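Scroll down for the structure; my scribbles are underneath it.
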Amino acid sequence: MMSRTGRRLVAALFLSVSPTVRLAAQDSQFSVRGLGVPGRWESVRARTTGGAFGPFDPRSSVADVSLVDALQLTATAVEATTYRRAEIGGSRDDLRSSRFPFMSLAGPLSRRFVVGGGFATYLDRTYSIVTRDSQMLRGAYAPYSDRVGSDGAVADLRVAAAARLASWIAIGTGAHVLSGSSRQTAQRIYDDTTFLGTTQTAMVRYDGFGISGSVALDPVRSVRIVGYARSDNRLRTRLGDTETDRVDLPTTLGAALRWSPSPSARVAGAVAWRSWSDAGGFNTTSWSAGAEVGAGPTPFRLGVRGGQLPFGPGTAAPTEFGVTLGTGKGFSGNRALVDLGLERLVRKGGGLTETAWTVLVGLTIRP
Amino acid sequence: MRRVALAALAAVTACTEDVTAPGHCPDFCPSGSITGVDTVLQTVVQRDSAFRGFVRPHEASSLLATNLPGVIDSRAIFLTLPIGDSLVVESGTGARGQIVGVDSLKLSVTITRRDTSAHNLTLVYYRLPLDLDSTKTFADLAGAWTGTDSLRSLNVDSVYALAGHVDLLRGDSVFVDTLTNRVTVIAKLDSASAPYVVADSGKAAFGVKVVADSRASIALGSVEAGLGPLLTWFAEADSVAKDTVPRSSTVGVRFDSFVFDLLSPSVDTTLDSTLAVGGMPVARSIMRFALPRLIRDSVQISRATLVLVTARPPEGVPADSFTLSAHGVLADFSAKSPLSPDPSRVATTRVHIGIARGDTVRIEMADILRSWQVDTLAPTTLALRQVPEGTEFPEIRFEPSTNVALAPALHVTYVRRFPFGKP
């Protein structure tokens, strides 16, 4: 017989892999070309350390082995509201959006074996572009506005497990179903109303599959080293029953180091490489460093991150740099945790500079 | 302080959405783009034909009276209902008294359309034989239209110019409905010109001719439009208590129509290969479209203009300008094709008198094309017709599809299908 906790976990896992909310992590003008902007598989706690704590955080899904630290049933959700500014060619546009990019669930089946799952944004496919132009129609130029938009994302639905093999080593593995859709719109409105406006819409669906594995080593009590890898096979794009596109997806390799000099202070650094050239983009290397201070229910976190984006114009990958800080608050004997964060992000590439403030709210429940 | 902080947090994390930004192409635009196409489909109408007889004069909603020398001479005719041989003399008991004589009559007609530039617009009333029916032609009634047979005439402009629009001397009056611009003309007839004939039970038949300094063309309301002529008899009825008492009775018409003489050879009603619309009896033309599959299935229509070249222009006065309608059909049964009640399958334009041969008439029919795209089982057939039918004499004819150089064409502006699903 499955234990009560096990039954709860299975039920919760089932529910969590059927997301109904909008998944996009963070909209970006860099998602217009290529497959989109990769999402973050991090809880608010990990994200406010620049992502450096991601491979160690049982509430994040960066490295499956981190589940091994989920010693009780834990559910986490993230809400992100982004205020974004895109500047290019002397023009400036202020944009904003709210998203629910991440949810995870984890719990132990035994003292040494933990399972978990959830969903995260794999690729964000949300944008809306308006252009002005004119066309010679019936002997005169007819000005018009075109709006081409996409609203959706590719979600990463994960089921993972981790096991502690010994006091100094743990392993984890996961399976990832990539699934999602975007509602795409192409609209043309002529200034001359004798020409009727046209609106075309289509629901484009995506699917793919991936596997991941990771290992955590604790050579000394205060240090943990995590190595992880992930391979996604391909992203298939369907319009109705017709396959319109198929691209290979990248392999991800990453490593991270965490040092806990005292019970109330932790620092970590991480680096990851992804072979996005398989998908027609640029290979990317991203890094992050962060710290968490305070062992109680109200820690303080900060971090910094940098790296590249896989898709953009020109011959060089767009770059990304971000600074984060955050805190958290426990309630009801730490059965409920609220994490708050603020992220400042700068993305540059192809003449476009995109800056964003993102307010992060995370909710963790340990029933 | 904590509440303020919570409120601020709620405000900045509240659901919000504005992701629309100007595009900077091609670097930050999708790989696919919206492509607009503007093209003229010259051979899209592949079978067409004209038919006549959809509305005959006695079915029309107007009684056309026109006097355009050298073009057309048309006169309204109508037969009134009988009033019988007696009238109610005591309303309390309902007792009736024999009609022993008629003092006068008032004949009321409604002008529903006229040319406002026609001066000295005059109605001339004729007494006609009582055997009016739908077979009567202008020639059949030729004997009744002589000048000596006219009962009287009424100058509408003159009466309207009088105080109160009433001619106190002759008993005529004119009323103008400023909302509908209809003109009601009431003419007084004496018993000598329109006697009560017992044997006819008070039936009377009249004809109305119109004359004016120029542009004498009007439409009178008909029974079909609910605006038929009315005749009021002012009679003397026999009474038990007195010798006679004056009583009146108003009757409508049993039959109304108009007869006409087409004087101009250019208004010949014989159909040929051209696409005739309007005229009398009313003609329609059926046009069948062979749309390319691209247009039918894959594109979005921004504008579609049916371009028709005039083969024979309509003749008449400016007020005879009419609405030309391209009307979708429910099923293609040629001349008997039932018209679609769906307003999205109707496109109209105004045809003005003065259009010349070779001029183009354009009908915007994007909605019709869009409806054909939605309903792929709908016949791609249009009926060209006058709206409303039977209220105008002018007839326009267009070049048919067999005239390759001047055939009906469809000028279409559309947007190709967007390449969704491409990165």
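Every number in this text was worked out from the coordinates using simple rules, so none of it is lab data. Please read all numbers here as calculations on a predicted model, not as lab measurements. All Cβ positions, glycine included, derive from the backbone under ideal geometry; neighbour counts span all protein chains shown.
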What does the charge add up to near A:Thr319, with Lys and Arg as +1, Asp and Glu as -1, over the other residues with Cβ less than 13 Å from its Cβ?
-> +1
Would you mind giving the average projected area, over all directions, of the Cα convex hull of the range B:320-382 in nm² with one decimal?
-> 5.1 nm²
For B:Thr323 paired with B:Lys336, estimate the spin-label separation in nm (one decimal), with each label point 7 Å from Cα along the Cα-to-Cβ line.
-> 2.8 nm
Hey, could you get me the Stokes-Einstein D for the protein assembly as shown, Kirkwood radius over alpha-carbon pairs, 20 °C and 1.002 mPa s, rounded to whole µm² s⁻¹?
-> 64 µm²/s
So for R0 = 56 Å, FRET eff. of B:Arg293-B:Ser117 from the Cβ-Cβ r, to 0.05, ends up at 0.65
Evaluate E = 1/(1 + (r/R0)^6) for A:Ile365 and B:Ser31, where r is the Cβ-Cβ distance and R0 equals 41 Å; express this FRET efficiency to the nearest 0.05.
-> 0.45
Counting other chain Cβ atoms within 10 Å of each Cβ in B:29-40 and taking the mean gives 5
Under 17 Å from a label point 7 Å along Cα→Cβ of A:Thr193: give me every residue in the range A:130-164 with its amide N that close.
-> A:143-145
A correct Stokes-Einstein calculation for the range B:45-145, using the alpha-carbon Kirkwood radius, 4 °C and 1.567 mPa s, returns a whole-number D in µm² s⁻¹ of 71 µm²/s
Which of the lysines could be linked to B:Lys136 by a straight reach, that is with a Cα gap under 20 Å, when you skip same-chain ones fewer than 8 residues away?
-> B:Lys203, B:Lys209
List the aspartates and glutamates whose Cα lies under 17 Å from the Cα of A:Lys348, skipping any in the same chain that are fewer than 8 positions away.
-> A:Asp27, A:Glu87, A:Asp93, A:Asp94, A:Glu320, B:Asp27
Residue with peak Gaussian network fluctuation, chain B [Cα springs, cutoff 10 Å], from B:Pro313, B:Pro246, B:Pro57 = B:Pro246
Once the convex hull of the C-alpha atoms of the range B:343-423 is built, how many Å³ does it hold per residue, rounded to a whole number?
-> 163 Å³
Distance histogram for the range B:72-262 (every C-alpha pair counted, 10 angstrom bins, percent rounded to whole numbers) | 9, 34, 35, 17, 5, 0
Return one number: the angle in degrees, 0 to 90 and rounded to the nearest 10, between the long axis of the Cα atoms of helix A:4-16 and the longest principal axis of the Cα atoms of chain A.
-> 10 degrees
Eligible aspartates and glutamates near B:Lys188 by straight Cα distance, threshold 15 Å, same-chain separation 8 or greater | B:Asp103, B:Asp167, B:Asp172
Please identify, among B:Arg397, B:Arg215, B:Arg296, the residue showing maximal mean-square fluctuation in a Gaussian network model of chain B using a 10 angstrom Cα cutoff.
-> B:Arg296
Please report B:Ser108, B:Ser74, B:Ser344 as a ranked list, fewest other C-beta atoms within 10 angstrom at the top and most at the bottom.
-> B:Ser344, B:Ser108, B:Ser74
Helix B:2-13: angle to the longest alpha-carbon principal axis of chain B, degrees 0 to 90, nearest 10?
-> 80 degrees
Evaluate peptide A:195-203: per residue, the Cβ atoms of other protein chains within 10 Å of its Cβ; return the mean as an integer.
-> 6
Hits in the range B:184-200: amide N under 20 Å from the 7 Å Cα→Cβ extension of B:Ser248, namely B:184-197
Between A:Arg301, A:Arg164, A:Arg246, find the one with the highest GNM mean-square fluctuation for chain A; connect C-alpha pairs within less than 10 Å.
-> A:Arg246
Can you tell me the FRET efficiency between B:Lys422 and B:Leu271 if r is taken as the Cβ-Cβ distance and R0 is 41 Å, rounded to the nearest 0.05?
-> 0.15
B:Thr137 and A:Ser167 label points (each 7 Å along its Cα→Cβ direction) are spaced in nm at 12.2 nm
Across peptide B:403-415, what mean number of C-beta atoms from other chains lies inside 10 Å of a residue's C-beta?
-> 2
Gain in length, B:Leu169 to B:Ser153, computed as 0.36 nm per residue apart minus the alpha-carbon separation, to one decimal in nm?
-> 4.3 nm
Whole number please: convex hull volume per residue, Cα atoms of the range B:286-330, in Å³.
-> 139 Å³
Please provide three numbers in whole Å: the alpha-carbon extents of the range A:50-124 along the principal axes, with the largest listed first.
-> 58, 20, 17
Note to self: C-alpha centroids of the range A:106-155 and the range A:22-98 sit apart, in Å, by 15 Å
To the nearest Å, what is the center-to-center distance of the range B:274-311 and the range A:282-346, using C-alpha atoms only?
-> 64 Å
Just check chain A against the gyration tensor rule for me: Cα atoms, a ≥ b ≥ c as the square roots of the eigenvalues, rounded for a/c under 1.5, and otherwise prolate or oblate depending on whether a/b exceeds b/c.
-> prolate
³J(HN,Hα), Karplus 6.51/-1.76/1.60, whole Hz, each residue of the range A:353-359, x for Gly, Pro | 10, 10, 10, 8, 10, 10, 9
Any chance you could tell me what percent of the C-alpha pair distances in chain B go past 27 Å?
-> 63 percent
